[in-house]
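Quick notes on the structure that follows.
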Amino acid sequence: ATARLGSGTASSSTFLRGDQTYAAAGGGKVLQVVQGTSSISFSQTSPTNGTIYYPSSNKLTASITPSLTSSKILVQFVTSLRMDSTSGDMGMGTAMQQIISGGSTTTIQAGGASSKPYSSGFYFSGTIAPDTRVRINEIVLLSPSTTSAITYEVGIAGYNVTLIRMNDDDTTGRIILTEVAV
């Protein structure tokens, strides 16, 4: 009999925990997945150190409307970057902004010194060949605490470079948003 197994109510929505009590199953459920892509190249000539640039069109972006305020959003994106520079300390990378409909715009995962605001990328001290290319993969788990529509958009930043490009090597950038119930 269920009374001998544990306290609480046995049902199709509960499970028997190790402490012999019934509890509701929950957390870790994928509620929705959204994908965005961009195969259009975006470039910035003579980027200002400390500035993140976002394309005005053909963006690497995706939007999601969370079902619950307690949900987490797992953001994953991949893109390619190319920079032209020849010597000295230099770098390039990506950053992301979170735009909540009717709310705020926040830069996500931008780290490092104010002159190097990117979170994922490449930094080099010394001489490097022009036309250096890298592939960027970013994964971040966010807690936006809203059920309003949210747009995530990928941008680029350069440090002491003459030109930086995103999706310039015939690849397609991809962003995936996954809503996870906790």
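The values are calculated or read from the model by the stated rules, or taken from the named source; none is laboratory data. Source: prediction; values computed, not measured. As a convention, Cβ positions derive from the backbone with ideal geometry for all residues, glycine included, and neighbour counts pool all protein chains shown. Note: accessible area is taken over every heavy atom of the protein model, side chains too, but ligands, DNA and RNA are not part of it. Shrake-Rupley method; radii C 1.70, N 1.55, O 1.52, S 1.80 Å.
Annotations for the structure displayed:
- Anisotropy class of the chain from Cα gyration tensor, a/c 1.5 cut: prolate
- Surface listing: Phe122, Phe77 arranged by accessible area from highest to lowest gives Phe122, Phe77, probe 1.4 Å.
- Amide H contacts under 5 Å for Thr132: Met83, Ser85, restricted to partners 5 or more places along the chain or on a different chain, H placed in the peptide plane at 1.01 Å from N.
- Exposure ranking of Ser46, Ser148 by accessible area [1.4 Å probe, largest first]: Ser46, Ser148
- Sequence ranges 98-108, 151-161, 49-59, ranked by mean other-Cβ count within 10 angstrom, highest first: 151-161, 49-59, 98-108
- To put it simply, the accessible area of segment 28-182 at a 1.4 Å probe is 47 percent carbon and sulfur.
- Distances between placed amide hydrogens fall under 5 Å for Leu142 paired with Ile73, Leu74, Val75, all partners being 5 or more residues away or on another chain.
- Applying D = kT/(6 pi eta Rh) to segment 114-173, where Rh is the Kirkwood radius over alpha-carbon pairs, T corresponds to 37 °C and eta to 0.692 mPa s, the Stokes-Einstein value obtained is 226 µm²/s.
- Average accessible surface for the chain: 49 Å² per residue, computed with a 1.4 Å probe over protein heavy atoms with every protein chain in place.
- Here the Gaussian network model covers the chain, with springs between Cα atoms less than 10 Å apart; of Ala23, Ala149, Ala95, Ala23 fluctuates the most.
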